[in-house]
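Visitor: Structure provided below as structure tokens; questions to follow.
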Amino acid sequence: MSNQDIPIYTGSFRKKDETIRKMTFAYKSDLPEEFLKGNVKGVRSVELPTGMKRVWDIEADAFRTFNEATATDSPVQTAYGHVGDDDTIQLIS
């Protein structure tokens, strides 16, 4: 897999049920094409509402949606990662 450095962010937002969700993630737009090919199923493209961003949740190892419109703080880059041989994003120092 790619050893391209991927910026990793941490941010928090308020969910619909009013709880705060802290997430460590990579923006979909930062993910290498080969990673997307292995993790995106089908060709369906859903347009997200304003403020919603599709991200790869590092802890869940899956795509999630980060709600920038209800962010309690701006996402901050906290690390870099790269795609490992097992098609997961590995954090690097």
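The values are calculated or read from the model by the stated rules, or taken from the named source; none is laboratory data. The structure displayed is predicted, hence computed values, not measured ones. Heads up, the Cβs are rebuilt from the backbone with ideal geometry, glycines too, and the neighbour counts pull from every protein chain shown. Surface areas here come from the heavy atoms of the whole protein model, side chains and all, with no ligands, DNA or RNA. Shrake-Rupley method; radii C 1.70, N 1.55, O 1.52, S 1.80 Å.
Visitor: Taking amide H positions as placed in the peptide plane 1.01 Å from N, state which residues far from Gly81 in sequence (5 or more) or on other chains have amide H under 5 Å from it.
Guide: Amide H to amide H, under 5 Å and 5 or more residues apart or across chains, Gly81 pairs with Ile6, Ile8, Ile92.
Visitor: Here's another thing I want to ask about it. Can you compute the label reach from Lys16? Point 7 Å from Cα along the Cβ direction, backbone N cut-off under 17 Å, restricted to the stretch 49-66.
Guide: Within reach of a label on Lys16, which here means backbone N under 17 Å from a point 7 Å along Cα→Cβ, the stretch 49-66 contributes 49-54, 64-66.
Visitor: Give me the net charge for the shell around Ser29: Cβ to Cβ below 12 angstrom, other residues only, Lys and Arg +1, Asp and Glu -1.
Guide: That works out to +1.
Visitor: While we're looking at this one, here's another question. In whole Hz, what ³J(HN,Hα) sequence does the stretch 58-74 give by Karplus (6.51, -1.76, 1.60; θ = phi - 60°), x for Gly and Pro?
Guide: Result, rounded to whole Hz: 5, 6, 7, 6, 7, 6, 9, 10, 9, 8, 5, 5, 10, 4, 8, 7, 6.
Visitor: Could you work out which residue, out of Asp30, Asp61, Asp17, moves most in a Gaussian network model of the chain, that is, has the largest mean-square fluctuation with Cα springs under 10 Å?
Guide: Largest GNM mean-square fluctuation: Asp17.
Visitor: DSSP loop (so not H, G, I, E, B), at most 15 other Cβ within 10 Å: list which trypsin sites (Lys or Arg not before Pro) in the stretch 1-86 pass both filters.
Guide: On the way: sites: Arg14, Lys15, Lys16, Arg21, Lys22, Lys28, Lys37, Lys41, Arg44, Lys53, Arg54, Arg64; in loops: Lys15, Lys16, Lys41, Arg44.
Counting only loop positions with at most 15 other Cβ atoms within 10 Å, the trypsin sites (Lys or Arg not before Pro) in the stretch 1-86 are Lys15, Lys16, Lys41, Arg44.
Visitor: Carbon-plus-sulfur fraction of the accessible area of the chain, 1.4 Å probe, in percent? Please report the intermediate quantities before stating the final value.
Guide: Working: 2800 of 6020 Å².
The value for the chain is 47 percent carbon and sulfur by accessible area.
Visitor: Hey, which lysines would be in cross-link range of Lys15, C-alpha to C-alpha under 18 Å, not counting anything within fewer than 8 residues on its own chain?
Guide: Lys53
Visitor: Please return the longest stretch of the chain lacking exposed loop sites, where GluC sites (Glu not before Pro) count only if DSSP places them in a loop and at most 14 other Cβ atoms lie within 10 Å.
Guide: Longest run free of exposed loop sites: 60-93.
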